[in-house]
1. How about the range 159-240: which trypsin sites (Lys or Arg not before Pro) there are in a DSSP loop, with at most 14 other Cβ atoms within 10 Å of their Cβ?
2. Quick one: order Phe386, Phe258 from most to least accessible surface, probe 1.4 Å.
3. Once you have a ≥ b ≥ c as the square roots of the Cα gyration tensor eigenvalues for the range 1-54, tell me rounded if a/c is under 1.5, and otherwise prolate or oblate according to whether a/b is larger than b/c.
4. May I ask you to list the aspartates and glutamates whose Cα is less than 15 Å away from that of Lys353, ignoring any residue fewer than eight positions away on the same chain?
5. Taking the chain as a Gaussian network, where each spring joins two C-alpha atoms under 10 Å apart, which residue of Val77, Val270, Val278 fluctuates the most?
6. So if we plug the beta-carbon distance of Asp132 and Val73 into 1/(1 + (r/R0)^6) with R0 = 51 Å, what FRET efficiency do we get, rounded to 0.05?
7. Starting from 0.36 nm per residue, how many nanometres of slack lie between Lys85 and Asn255 once their C-alpha separation is accounted for?
8. Among the listed pairs Lys252/Lys289; Lys298/Lys364; Lys289/Lys334; Lys111/Lys157, which have their C-alpha atoms separated by more than 29 angstrom in this model?
Amino acid sequence: MREIDNIKRIMDEARMSQRELSQRSGIAHETISKILNGKYPLSHKLFVKIADGLNVPISELMEDAITPITVDVQGYVEYDNQIIKIKSLRQLQKLVHQIEHETSILPREVKEIKVQNEMNRKLIKNSIKNNDYEFYINDFELIQSHDATKVDCWAFKAASDSKDGIILNLGNQCSGYPFQLNGHVFFTSESAYLCGQFSNNTEEHKRIQYQLMSEKNGYTAKKRVKNANKETIRADWDSFRVDWMLYVIWMKCQNKDFAEKLKSLPPSAVIIENSTTVHEGTSSIWGCKNVELEEARKKVERYTYLQYMKKVRSGKIKMNSQELDALIQSERDKIQYIGTYSDGKNYMGKILKICQLALLNNTKPRINYDLLRSKRIYLLGELLTF
């Protein structure tokens with residue numbers, strides 16, 4: 001299929017991986033892979049998304065759109081600390097366009113982003129005392145938009161994310177906060193949460209729970225243990241997963257360090273799981289997305305990298321990968337007050353906020369224990385009575 005060949009050609013010329021195309025287009029990485037290998041139908045909707053991800057008009061991907069260039073252009077160009085093999089005039093033109101953008105347009109864009117970000121930050125900080133914004137944490141099905149230019153949003157994704165000097169390692173897959181659940185120690189809340197999916201009174205589920213409990217990494221617990229056994233997940237799982245998660249996170253709050261972490265966030269904080277770059281089926285349930293913020297951060301990251309490498313080439317500093325990564329993360333974390341979080345129910349942010357308020361007010365969250373008891377949840381062979 002010529003359209004697929006055109007997509008592959010443009011990806012090759014742009015040095016774009018399948019994973020990057022997935023992030024840019026909003027199409028799952030697995031689907032991208034199948035499309036490129038001719039194992040998944042390329043619908044018009046997917047075609048439009050791919051064109052957007054490649055930043056080219058649809059016409060350029062159409063079957064007869066790309067006419068081979070007869071001009072023989074081949075060679076090598078050194079740019080961005082890389083030796084790039086040029087295979088066509090089109091590729092050379094795109095590289096020149098990229099260089100022009102990164103040397104003249106990108107610096108102006110980043111300056112504007114930082115000025116706007118700082119202006120919004122000051123406006124939010126000055127208005128916090130008079131803040132009457134209502135974060136609807138008790139309505140889990142409500143899709144609420146949060147304007148990061150007006151509301152104090154505290155969004156987390158990676159364990160290295162931070163805001164105002166506070167490391168936002170609040171995600172389920174983050175380690176460092178072991179806690180007890182019915183007398184058993186779990187290293188991550190992800191492992192404990194997943195145990196709810198396999199909580200029937202069977203030897204098979206008991207075996208899976210032991211595997212989950214032994215995992216110190218939440219990501220591997222999900223990818224290795226859950227995915228290998230997903231055919232045995234409880235049929236009624238969706239009916240109690242939210243209250244089970246709330247229960248698990250409240251148990252995690254018995255870890256003093258995690259409790260102090262939550263309490264260190266401002267009482268006015270709108271807590272959000274940032275799922276902008278996550279395209280799995282539940283990403284719009286547990287988090288929400290801010291595409292404008294992510295695009296702004298990518299520009300800042302790229303500009304920071306280019307400026308650092310410029311100093312390296314001039315001999316002002318020596319290349320240090322750890323120093324560069326830390327600098328990029330620091331500059332990224334400063335950009336917080338751009339765009340709007342939307343397209344998601346933000347279950348996780350609401351649950352964390354419920355627990356934070358309970359800790360600050362010395363109360364307990366309202367967990368539907370009657371529902372949980374009615375589901376007869378077993379943990380390692382023992383019926384939980386809550």
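The values are calculated or read from the model by the stated rules, or taken from the named source; none is laboratory data. Computed from a prediction, not measured in an experiment: that's the story for all the values here. Cβ placement follows ideal geometry from the backbone for every residue including glycine, while neighbour counts extend to all protein chains displayed. Surface areas here come from the heavy atoms of the whole protein model, side chains and all, with no ligands, DNA or RNA. Shrake-Rupley method; radii C 1.70, N 1.55, O 1.52, S 1.80 Å.
1. Numbers: sites: Lys163, Lys206, Arg207, Lys216, Lys222, Lys223, Arg224, Lys226, Lys230, Arg234; in loops: Lys216, Arg234.
The qualifying sites are Lys216.
2. Working: Phe386 65, Phe258 0 Å².
From most exposed to least exposed: Phe386, Phe258.
3. Values: a/c = 1.33, a/b = 1.10, b/c = 1.21.
Cα axes put the range 1-54 in the rounded bin.
4. Cα-Cα hits under 15 Å: Glu134, Asp139, Asp152, Asp243, Glu260, Glu273.
5. Among Val77, Val270, Val278, the largest GNM mean-square fluctuation belongs to Val77.
6. Details: r = 62 Å, r/R0 = 1.21.
That gives a FRET efficiency of 0.25.
7. On the way: separation 170, 0.36 × 170 = 61.20 nm, distance 5.36 nm.
Taking Lys85 through Asn255 to full extension adds about 55.8 nm, to one decimal.
8. Working: Lys252/Lys289 26 Å; Lys298/Lys364 40 Å; Lys289/Lys334 18 Å; Lys111/Lys157 25 Å.
In this structure, Lys298/Lys364 exceed 29 Å between Cα atoms.
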